[in-house]
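Peer 1: Got a structure for you, written out below as structure tokens; questions coming shortly.
The values are calculated or read from the model by the stated rules, or taken from the named source; none is laboratory data. All of these numbers come straight from a predicted model, not from anything done at the bench. Cβ sites come from the backbone with ideal geometry, for glycine too, and all protein chains shown count toward neighbours. Heavy atoms of the whole protein, side chains included, go into the accessibility calculation; ligands, DNA and RNA do not. Shrake-Rupley method; radii C 1.70, N 1.55, O 1.52, S 1.80 Å.
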Amino acid sequence: ENPFLFKLSEYSSTTPAKGMAFIPKRGCNVMKCETARGLKLTSNAVEPLSFIVPRKSDAFQEDIFPPTFAGVPACTSDEWLDGIDKVPAKVSLDPNSDGSVIEAAASEEAAAPMMTRSAALAYIDKLKEAMTAAGVEIPPP
């Protein structure tokens with residue numbers, strides 16, 4: 001149903017900010033429904049800011065804390081350069097969970113595979129050889 005988003009609260013301050021940073025979701029207090037935690041840098045202090053969704057229950061709220069990035073890479077740098085697309089490892093924020101990585105669901109599978117970088121380079125080399133054999137001069141890059 002509309003509206004899908006609800007305005008919860010607004011933060012305002014008379015102290016000017018020199019910078020701002022947010023910590024990862026894994027650092028939020030999920031039992032208090034803290035959805036974000038920021039650090040505001042002022043001229044003489046670092047102020048913590050907490051963004052909380054008001055809820056009546058003290059139980060873990062799975063609807064506002066879906067599984068999140070586990071902090072471990074899904075693939076190596078060489079795999080990424082080769083064009084391999086993997087679903088990121090996720091972990092539940094529920095304090096009662098064991099903290100193990102959650103396997104990706106079938107609906108979350110990575111995009112259809114495409115030609116990897118190394119396969120594309122090999123294909124280009126074959127094309128160059130075929131063009132040279134056909135007498136086509138290839139200009140230098």
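Peer 1: Just to be sure, is residue 106 modelled with pLDDT under 90, of a type in the set (Gly, Ala, Ser) and either under 22 Å from the mean Cα position of the chain (by Cα) or closer than 20 Å to residue 24 by Cβ (or both)? I'd like the intermediate steps shown before the answer.
Peer 2: On the way: modelled with pLDDT under 90: yes; of a type in the set (Gly, Ala, Ser): yes; either under 22 Å from the mean Cα position of the chain (by Cα) or closer than 20 Å to residue 24 by Cβ (or both): yes.
Criteria met by residue 106.
Peer 1: Residues that are in a loop (DSSP other than H, G, I, E, B) and either touching a helix residue (DSSP H, G or I) at 6+ places or on another chain (Cβ under 9 Å) or surrounded by 10 or more Cβ atoms within 10 Å (Cβ to Cβ) (or both): does the range 43-52 have at least one?
Peer 2: No, there is no match, as no residue in the range 43-52 is in a loop (DSSP other than H, G, I, E, B) and either touching a helix residue (DSSP H, G or I) at 6+ places or on another chain (Cβ under 9 Å) or surrounded by 10 or more Cβ atoms within 10 Å (Cβ to Cβ) (or both).
Peer 1: Continuing with the same structure: Right, residue 75: surrounded by 12 or more Cβ atoms within 10 Å (Cβ to Cβ) and more than 18 Å from the chain's Cα centre (by Cα) or not? Give the steps one after another, and end with the answer.
Peer 2: Numbers: surrounded by 12 or more Cβ atoms within 10 Å (Cβ to Cβ): yes; more than 18 Å from the chain's Cα centre (by Cα): no.
Spelling it out, it is not the case that residue 75 is surrounded by 12 or more Cβ atoms within 10 Å (Cβ to Cβ) and more than 18 Å from the chain's Cα centre (by Cα).
Peer 1: I'd like the full set of residues that are part of a strand (DSSP E or B) and either open to solvent by 80 Å² or more (accessible area, probe 1.4 Å) or within 22 Å of residue 69 (Cα to Cα) (or both), limited to the range 17-40.
Peer 2: Filtering the range 17-40 down to residues part of a strand (DSSP E or B) leaves 19-22, 34-40.
Scanning the range 17-40 gives 20, 21, 22, 34, 35, 36, 37, 38, 39.
Peer 1: Also: Might you check whether a residue that is in a loop (DSSP other than H, G, I, E, B), in contact with a Cys (Cβ under 8 Å, 6 or more places away or on another chain) and under 30 Å from residue 120 (Cβ atoms) occurs anywhere in the range 77-84? Write out each step before concluding.
Peer 2: Quick first cut of the range 77-84, residues in a loop (DSSP other than H, G, I, E, B) only: 82-84.
Among the residues that remain, those that are also in contact with a Cys (Cβ under 8 Å, 6 or more places away or on another chain) are: 84.
Still in the running and under 30 Å from residue 120 (Cβ atoms): 84.
Yes, some residue in the range 77-84 is in a loop (DSSP other than H, G, I, E, B), in contact with a Cys (Cβ under 8 Å, 6 or more places away or on another chain) and under 30 Å from residue 120 (Cβ atoms).
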